[in-house]
1. Can you give me the number of residues within region 1-12 that are surrounded by 19 or more Cβ atoms within 10 Å (Cβ to Cβ) and within 16 Å of the ligand (Cβ to nearest atom)?
2. So which residues in region 33-58 are within 13 Å of the ligand (Cβ to nearest atom) and over 15 Å from residue 80 (Cβ atoms)?
3. Taking residue 163 and the conditions (1) at pLDDT 80 or above; (2) in contact with a Pro (Cβ under 8 Å, 6 or more places away or on another chain); (3) of a type in the set (D, E, K, R), which numbered condition does it fall short on, given that it satisfies the others?
4. Would you mind stating whether residue 100 is over 29 Å from the mean Cα position of the chain (by Cα) and within 16 Å of the ligand (Cβ to nearest atom)?
5. For region 13-32: of the residues being touching a Pro at 6+ places or on another chain (Cβ under 7 Å) and surrounded by 20 or more Cβ atoms within 10 Å (Cβ to Cβ), which is farthest from residue 84 (Cα to Cα)?
6. Name the residues in region 67-89 that are surrounded by fewer than 18 Cβ atoms within 10 Å (Cβ to Cβ) and away from the ligand (no atom under 14 Å from the Cβ), would you?
7. Of all residues in region 194-209 being in a loop (DSSP other than H, G, I, E, B) and among the small types (Gly, Ala, Ser), which is surrounded by the fewest Cβ atoms within 10 Å (Cβ to Cβ)?
8. Output yes when any residue across region 28-38 is touching a helix residue (DSSP H, G or I) at 6+ places or on another chain (Cβ under 7 Å), at pLDDT 95 or above, closer than 19 Å to residue 105 by Cα and hydroxyl-bearing (Ser, Thr, Tyr), and no when none is.
Amino acid sequence: MPHILIVEDETSIADTLVYALQADGHSTEWVSLGSAAVEQHRLRPADLVILDIGLPDISGFETCRQLRRFSEVPVMFLSARDAEIDRVLGLEIGADDYVVKPFSPREVAARVRAILKRMAPRLEPVAESTPFQLDTLAMRIAYRGQPLNLTRHEFRLLQCLLEQPRRVFSREQLLDGLGVASDVGYERTIDSHIKSLRAKLRLIAADAEPIQTHRGLGYSYSPEHA
Ligand code: CA
């Protein structure tokens, strides 16, 4: 949920903005002083700041300058006069948009949406990356760009683990994946395959531990340790 910081000393204006932005699915924080806005953005960085120019302590311009010292957050100015907007545009203090009072809260909400959409690629989480490349058809797995020389059983075992990261597989489940009937000594079979698999992985990354042991339960693939 995008978080919007509203800096406005007129309660009625702030109220209509809070209402319109929350109705649009944003979380909001409202402060009435420029200094409080800088403090608040330090504590909880907003995704966008709506900044009135005429504030009781420091001006919106000065507030923006102070925010810019540590943040690239998008800023939308609220202005009471067209003349102020000339300054916004002339000062090049990094305003992303502005509206002149009186304004429609719905228009402000629409502009906020537009700015956030423009920013979206920077806000999206990075897709989980894995150091393993699995080629099922060729029955090959590469680790950190280097092909692994695996036996058929080691390949099946690692494939099984990689396909469901973080899931803990029991030795019986892994044995099923190998297509080997479980009988006496199957635990040792799995353990010895895991041991040789780990040895091959360590040749490539000595400090990593992609295959985790869960005592009494089995094994899992941990992307965090790969
Ligand atoms: Ca004001």
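The values are calculated or read from the model by the stated rules, or taken from the named source; none is laboratory data. Quick caveat, the model's predicted, so the values are computed rather than measured. With ideal geometry, Cβ positions are generated from the backbone for all residues, glycine too; neighbour counts draw on all protein chains shown.
1. 4
2. 33, 34, 37, 57, 58
3. The number of the failed condition is (2).
4. Details: over 29 Å from the mean Cα position of the chain (by Cα): yes; within 16 Å of the ligand (Cβ to nearest atom): yes.
Yes, satisfied.
5. Ranking the candidates gives 26 first.
6. 68, 69, 70, 71, 72, 82, 83, 85, 86, 87, 89
7. The residue in question is 206.
8. Yes, region 28-38 contains at least one residue that is touching a helix residue (DSSP H, G or I) at 6+ places or on another chain (Cβ under 7 Å), at pLDDT 95 or above, closer than 19 Å to residue 105 by Cα and hydroxyl-bearing (Ser, Thr, Tyr).
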